[in-house]
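First the structure, in the form of structure tokens, and then the observations on it.
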Number of protein chains: 2
Amino acid sequence: MNLDSKIRVIENFPVEGISFKDITTLIADGEAYHYSIEEMIKVFNDLQYNIIVAPEARGFLFGAPMAVLTKKSFVPIRKKGKLPFETLAYEYELEYGTDILEVHQDAIKPGDKVLIIDDLLATGGTVSAIVEMVKKLGGEVVGIGFLIELTFLNGRELLNDYRIETLIQY
Amino acid sequence: MNLDSKIRVIENFPVEGISFKDITTLIADGEAYHYSIEEMIKVFNDLQYNIIVAPEARGFLFGAPMAVLTKKSFVPIRKKGKLPFETLAYEYELEYGTDILEVHQDAIKPGDKVLIIDDLLATGGTVSAIVEMVKKLGGEVVGIGFLIELTFLNGRELLNDYRIETLIQY
């Protein structure tokens, strides 16, 4: 199946000059959505992992179904203040200002093998913050998967210690 | 499987007096997560529907895997400003103030049969806003499913025109 054709490209969103990759058209197609999840699982078939980690909100759309289909543990990464138990908070730099992500402190333990999933690899900033969070809790990042990669932003460079897989490239 | 035992109850979150139902312990258990999604699908097995709609962010954790397993269309409901295409925005009342939800205008069409999914039924405010949004786009709500129901808040009363299913009750 040609997944590229399921993505809707919207110019000048959220700001002038950005060519936004809209995944809602892909997930609105039940067959394409199922196929994309199966393909994201398949590219990591040779790896051993017990936890899938993904950031809210779009990361949940891919990481959560992957966890359910493979019966792995799913660990959500959330914005500050959303998780009810004790958290590890991590502040990281954005293009303008900073943001804080949180993960439950008991969600990842030493020895856990973690696959990180998100919808889109742009500069790699968010996922590289998540890598640090996983490591701080003692987990080992064994792979990082994205539905879409914006190759011209060179996000792979920031993550070059890790195995990266993407299904659709721009 | 006893799903109730997989929920972690955290007192006084997010504010004093609230006994918060933490679903992260359930989704951290791969078998329990898979089982909960299968059960949520099973309780609606007698219904015909082609779209699953769920609000960000926790609604995605249940609605998205259900859509993938059943190969249905998944339509996300998002906070204002997150969806890139033309949206229907809907303002609704919260305990203090109002909130705005959005859905893509082309995501639901007349004749579509919609199952709405969220993690938790409390007062029913968010989901009853989503019911109105689906109807405004011409869709028919055929059922509403939640993992958890807080029965003492009587959320069902607000939604009493609809078939409601919940797996865990408090």
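Ordered shortest first, which distances in nm separate the 7 Å Cα→C-beta label point of B:Glu86 from those of the other copies?
Those separations, rounded to one decimal, come out as 5.2 nm.
Among the listed pairs A:Lys6/A:Lys80; A:Lys82/B:Lys6; A:Lys71/B:Lys21, which have their C-alpha atoms separated by more than 28 angstrom in this model? Display every interim value, and only then the final one.
Details: A:Lys6/A:Lys80 32 Å; A:Lys82/B:Lys6 19 Å; A:Lys71/B:Lys21 22 Å.
With Cα atoms farther than 28 Å apart: A:Lys6/A:Lys80.
Could you let me know the centre-to-centre spacing of the stretch A:11-72 and the stretch B:1-45, using Cα atoms, in angstrom?
What the calculation gives is 22 Å, centre to centre.
Karplus couplings for the stretch B:76-84 from phi (6.51 cos²θ - 1.76 cosθ + 1.60, θ = phi - 60°), rounded to Hz, Gly and Pro as x?
Karplus values, whole Hz, x for Gly and Pro: x, 9, 10, 5, 3, x, 8, 8, x.
So what does the Cα-only Debye profile of chain A read at q = 0.13 Å⁻¹, as log10 I(q)/I(0), no solvent term?
-0.62
Select from B:Met66, B:Leu3, B:Gly111 the residue farthest towards the positive end of the dipole of chain B; place +1 on Cβ of Lys and Arg, -1 on Cβ of Asp and Glu, and compute about the Cα centre.
B:Gly111
Write down the percent of antiparallel bridges among all DSSP beta bridges whose residues are both part of chain A, to the nearest 5.
Bridges in chain A are about 40 percent antiparallel.
Using amide H atoms built in the peptide plane, which far-off residues or other-chain residues are under 5 Å from A:Asp112 H to H?
Long-range HN contacts for A:Asp112: A:Glu140.
Starting from the Cα-Cα distance between A:Gln105 and A:Glu38, subtract it from 0.36 nm times their residue separation and give me the gain in nm to one decimal.
In short, 21.2 nm is gained.
Using 10 Å bins from zero, what percent of all Cα-Cα pairs in the protein assembly as shown falls into each bin?
Taking all Cα pairs of the protein assembly as shown, the binned fractions are 5, 26, 36, 25, 7, 0 percent.
The numbers here are math on the coordinates, done by the rules we state, and not lab data. Every value quoted in this text rests on a predicted model; they were computed, and no experiment measured them. Cβ: placed from backbone, ideal geometry, glycine included. Neighbour counts: every protein chain shown.
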